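Take a look at the structure set out below.
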Amino acid sequence: MKLMVVDGQGGGIGATIIKGLREAIGEEAEILALGTNTIATSMMMKAGANRGATGENAIVQTSPRVDIIIGPLAIIISNAMMGELTPGIAAAISSSRARKILVPITQENVKIVGLTGEPFPHLVEQAIQLIKEIYKNV
């Protein structure tokens, strides 16, 4: 199973997700770090990703080749992350057949009703538990 973690800006969200995945699943999972910039990719690689790539073309080409895509909600919003998340990236991730697990945090002008407002570490833990369940059922 291939997991693709997408993040931008400083890469902190993606790095936190990758660290949690490594602790929960171990080294058997193939984790790909896809950053909108080199800093984000570097942070995710340091957190334990197997491979990493940067930029729109890398994300567009990788999105259809993975089983799960995980990242902040902003990865499916065109022009999010102060413009780092291009319309091409948002379209590629949204249209991928991969299962998407989105952490509902965003600095964009988007509010999702019905969410409880859990702290970030709790949201990441919930996402990791979901991936862990999916992973052992494959």
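The values are calculated or read from the model by the stated rules, or taken from the named source; none is laboratory data. Note that the structure is a prediction, hence the values are computed from the model and not measured. Methodologically, a virtual Cβ is constructed for each residue, glycine included, from the backbone with ideal geometry; neighbour enumeration extends over all protein chains shown.
Do you know which of the residues in the range 5-37 that are among the β-branched types (Val, Ile, Thr) and part of a helix (DSSP H, G or I) is farthest from Gln107 (Cα to Cα)?
Ile25
May I ask you to list pairs of residues, at least six apart or on different chains, whose Cβ atoms are under 6 Å apart, with the first in the range 30-55 being within 15 Å of Lys19 (Cα to Cα) and the second being among the charged types (D, E, K, R) and crowded, with 24+ Cβ neighbours inside 10 Å?
Between residues of the range 30-55 that are within 15 Å of Lys19 (Cα to Cα) and residues that are among the charged types (D, E, K, R) and crowded, with 24+ Cβ neighbours inside 10 Å, the close pairs are Ala40/Asp7.
Listed residues Ala90, Ala49, Ala53; which is in a loop (DSSP other than H, G, I, E, B) and either modelled with pLDDT of 95 or more or under 24 Å from Glu27 (Cα atoms) (or both)?
So the residue among Ala90, Ala49, Ala53 that is in a loop (DSSP other than H, G, I, E, B) and either modelled with pLDDT of 95 or more or under 24 Å from Glu27 (Cα atoms) (or both) is Ala49.
What do you reckon, is Gly71 touching a residue at least 60 places away in the same chain (Cβ under 8 Å), small (Gly, Ala, Ser) and assigned to a strand (DSSP E or B)?
Here the answer is yes, as Gly71 does meet what is asked.
Starting from residues that are surrounded by 11 or more Cβ atoms within 10 Å (Cβ to Cβ) and in a loop (DSSP other than H, G, I, E, B), keep the ones in the range 98-114 and report whichever is modelled with the highest pLDDT.
Ala98
Go through the residues of the range 75-84 one by one and say whether even a single one is β-branched (Val, Ile, Thr) and either part of a helix (DSSP H, G or I) or loosely packed, with under 13 Cβ neighbours inside 10 Å (or both).
yes
Condition check: of a type in the set (Asp, Glu), assigned to a loop (DSSP other than H, G, I, E, B) and either touching a Lys or Arg at 6+ places or on another chain (Cβ under 7 Å) or surrounded by fewer than 18 Cβ atoms within 10 Å (Cβ to Cβ) (or both). Does Glu133 satisfy that?
For Glu133, the condition - of a type in the set (Asp, Glu), assigned to a loop (DSSP other than H, G, I, E, B) and either touching a Lys or Arg at 6+ places or on another chain (Cβ under 7 Å) or surrounded by fewer than 18 Cβ atoms within 10 Å (Cβ to Cβ) (or both) - is not met.
Could you please let me know if Ile59 is at pLDDT 95 or above, not charged (D, E, K, R) and not in a strand (DSSP E or B)?
Judged against the criteria, Ile59 is a match.
Name the pairs: first residue in the range 90-101 and at negative phi, second residue among the charged types (D, E, K, R) and part of a strand (DSSP E or B), Cβ to Cβ under 9 Å, at least 6 apart or on different chains?
Ile93/Lys100; Ser94/Lys100; Ala98/Lys2
Yes or no: Ala40 in a helix (DSSP H, G or I) and small (Gly, Ala, Ser)?
Judged against the criteria, Ala40 is a match.
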